[in-house]
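What follows is a single structure, written as structure tokens, with notes after it.
The values are calculated or read from the model by the stated rules, or taken from the named source; none is laboratory data. Small disclaimer: the values here were computed from a predicted structure and weren't measured. In this analysis, Cβ positions are derived from the backbone assuming ideal geometry, glycine residues included, and neighbour counts consider all displayed protein chains. Accessible surface areas use protein heavy atoms only, side chains included; no ligands, DNA or RNA. Shrake-Rupley method; radii C 1.70, N 1.55, O 1.52, S 1.80 Å.
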Amino acid sequence: MTDLLIRGRVLTFVEKPEGIYDTASYRYFEDGAVLVRGGKVADIGEHTDVSRRAGPAVKVADHRPNLVLPGLIDTHLHFPQTQAIASYGAQLLEWLNTYIFVEEQKFREPGHAQFIAGRFMDELLSNGTTTAVAYCSVHPESVDAYFGAAEARGMLMIGGKVMMDRNAPDALRDTPELGYDETKYLIGKWHGRGRAHYAISPRFAITSTPEQMEMSRALVAEHPECYVQTHLSENKDEIAFATSLYPEAKDYTDIYARYDLLTHKTLLGHCIYLSDREISVLAETGAVGTFCPTSNLFLGSGLFDRDRFDKLGARWSVATDVGAGTSFSMLETMDEAYKVLHLQGQRLSPLNSFYMMTLGNARALELDDRIGSLHVGADADIVVLDSRAKPSMELRMRVAKTLAEELFILQTMGDDRSVAETYVAGKPMRNRASAQAVAAE
Ligand code: GUN
Ligand code: ZN
């Protein structure tokens, strides 16, 4: 295979930025290049140097004056909710019962699951997202559809069958034994196949009996190589219901702690109303709280308190949470994250936003050796961003003076139109994705 030289303004983080002037937190090459060989980053630097070292026998993708960054990472969303975005007027529990538990029943049908899985992956790629962590439905067929669609595109994706054995319609309930057996089977089938990673997925304390939590404990103990994903402390009615179902637990977090579900591979959606004690438990166990700003605003859930996570030393990540989240775009997600934190007197610098969408989320997934930054040997998952994609952005960019300012414009005004190209393991996917989506109509 011919090597590919991707030319543009290359930006990749090496550390968490400490403020807006922390130029040591990233590497930036104004006329830069990334050399891709066999799906991996083989070289990165100034274009003149990379091009000289590569020699003449390379294909060139010239993306100047656009920015070239590592592919974006989304740490929490629901693939069966792709057609349930923008479901009107309800908070979490009513929204689940009215819309979501109806929608997810459609995924019993493998044809439907496959159709939506393909469109879901293409939508991620159109938005520059190359890796995501998603819940599938309770049906094993939905997991096959999900990982099948990811494999067909070469994407590094994480996911798993949701387990739920109470407080949901009959058609969406498994049992402790069935949830265990199906999860075990799917881990054997998918985890480590190509770029697939499995996430053991008890939906949340409300939809799992103590028996199912015991089975989840067993799965986590037997498969420490897998992720764990669930929801925690998103909505006040949810917290009251969950803690009433587990009266022996000290608080909501303790429900999961009692079943040994909190590890450094655990991702906990939302984490809005946690006490200091609960955040400290996350810090001790290494479990990650996932900030889902568009979802938390859309469902009227509340505001994620990032500063308390930082103060207590707990890990956090960022995510869209489609379909309560209202956009697949990580740029739009960070725009809302900025506002949610601003409302609480907290600052999110543009450097920090772009760090979080890339290396920060990769670190939360402990995959930073592979994705989230463009270092030699990393997987060549790359996004090309156009800061002038809309007339209003082009006008605003005329007066932008710094890289940080440009990033803030991209985050505040950008969306999928700002994604000029997305590479998965060195293969251009974005334009292919939109062409295929239209062709499939
Ligand atoms: N809590 C349990 N299930 C869900 C879900 O599908 N979406 C959100 N936002 N919260 C949940
Ligand atoms: Zn969720």
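Kindly establish whether Phe309 is open to solvent by less than 20 Å² (accessible area, probe 1.4 Å), more than 13 Å from Ile85 (Cα to Cα) and more than 16 Å from ligand 2 (Cβ to nearest atom).
Numbers: open to solvent by less than 20 Å² (accessible area, probe 1.4 Å): yes; more than 13 Å from Ile85 (Cα to Cα): yes; more than 16 Å from ligand 2 (Cβ to nearest atom): yes.
Here the answer is yes, as Phe309 does meet what is asked.
Among the numbered criteria (1) away from ligand 2 (no atom under 16 Å from the Cβ); (2) over 14 Å from Val10 (Cα atoms), which one does Arg64 miss?
Looking at each condition in turn, Arg64 falls short on (2).
Do we have Ala132 as within 24 Å of Leu348 (Cα to Cα) and open to solvent by less than 40 Å² (accessible area, probe 1.4 Å) here? Give the derivation first.
Details: within 24 Å of Leu348 (Cα to Cα): yes; open to solvent by less than 40 Å² (accessible area, probe 1.4 Å): yes.
Considered against the rule, which asks whether it is within 24 Å of Leu348 (Cα to Cα) and open to solvent by less than 40 Å² (accessible area, probe 1.4 Å), Ala132 comes out as yes.
All but one of (1) over 27 Å from Gly38 (Cβ atoms); (2) more than 16 Å from ligand 2 (Cβ to nearest atom); (3) of a type in the set (A, V, I, L, M, F, W, C); (4) buried (at least 17 other Cβ atoms within 10 Å of the Cβ) hold for Ala362; which doesn't?
Among (1) over 27 Å from Gly38 (Cβ atoms); (2) more than 16 Å from ligand 2 (Cβ to nearest atom); (3) of a type in the set (A, V, I, L, M, F, W, C); (4) buried (at least 17 other Cβ atoms within 10 Å of the Cβ), the lone unmet condition for Ala362 is (1).
Please name all residue pairs, on different chains or six or more residues apart, with Cβ atoms under 6 Å, provided the first residue is in segment 259-285 and is at pLDDT 95 or above and the second residue is aromatic (Phe, Trp, Tyr) and within 16 Å of ligand 1 (Cβ to nearest atom).
Leu262/Tyr256; Ile272/Phe304
Against the definition (more than 26 Å from the chain's Cα centre (by Cα) and more than 27 Å from Arg417 (Cα to Cα)), how does Arg53 come out, yes or no? Quick ask: steps written out before the conclusion?
Working: more than 26 Å from the chain's Cα centre (by Cα): yes; more than 27 Å from Arg417 (Cα to Cα): yes.
Yes, satisfied.
Go through Ala134, Ala84 for me and flag whichever is within 13 Å of ligand 2 (Cβ to nearest atom), over 26 Å from Leu365 (Cα atoms) and within 20 Å of the chain's Cα centre (by Cα). First the steps, then the outcome.
Numbers: Ala134 fails: over 26 Å from Leu365 (Cα atoms).
Just a single option satisfies the conditions, and that option is Ala84.
Which residues, taken from segment 283-299, are away from ligand 2 (no atom under 15 Å from the Cβ), surrounded by fewer than 24 Cβ atoms within 10 Å (Cβ to Cβ) and of a type outside the set (D, E, K, R)?
We begin by selecting, within segment 283-299, every residue away from ligand 2 (no atom under 15 Å from the Cβ); these are 283-287.
Add one more test, that the residue is surrounded by fewer than 24 Cβ atoms within 10 Å (Cβ to Cβ), and what stays is 283-286.
Matches in segment 283-299: Ala283, Thr285, Gly286.
When both residues are 6+ apart or on different chains and their Cβ atoms are under 6 Å apart, which pairs have a first residue that lies in segment 95-122 and is farther than 16 Å from Tyr135 by Cβ, and a second that is open to solvent by 70 Å² or more (accessible area, probe 1.4 Å)?
Taking only residues 6 or more apart or on different chains, the pairs are Pro110/Glu141; His112/Lys106.
List pairs: first in segment 59-82 and touching a residue at least 24 places away in the same chain (Cβ under 8 Å), second hydroxyl-bearing (Ser, Thr, Tyr) and open to solvent by 20 Å² or more (accessible area, probe 1.4 Å), Cβ under 9 Å, 6+ apart or cross-chain?
From segment 59-82, the pairs are Lys59/Thr2; Val60/Ser51; Gln81/Tyr99.
Take residues that are aromatic (Phe, Trp, Tyr) and tell me which of the strands (runs of 3 or more DSSP E) falling wholly in segment 9-123 contain 3 or more. Full working, then the answer.
On the way: elements: 26-37, 40-46, 58-70, 72-78.
Where strands (runs of 3 or more DSSP E) fall fully within segment 9-123 and carry at least 3 residues being aromatic (Phe, Trp, Tyr), they are 26-37.
Can you pull out the residues in segment 14-41 that are open to solvent by 30 Å² or more (accessible area, probe 1.4 Å) and hydrophobic (A, V, I, L, M, F, W, C)?
Val14, Ile20, Ala24, listed by residue number.
Count, please, the residues in segment 317-333 that happen to be within 11 Å of ligand 1 (Cβ to nearest atom) and either polar (S, T, N, Q) or open to solvent by 10 Å² or more (accessible area, probe 1.4 Å) (or both).
Residues of segment 317-333 within 11 Å of ligand 1 (Cβ to nearest atom): 319-325.
With either polar (S, T, N, Q) or open to solvent by 10 Å² or more (accessible area, probe 1.4 Å) (or both) added as a condition, the list becomes 320.
Qualifying residue count for the region: 1.
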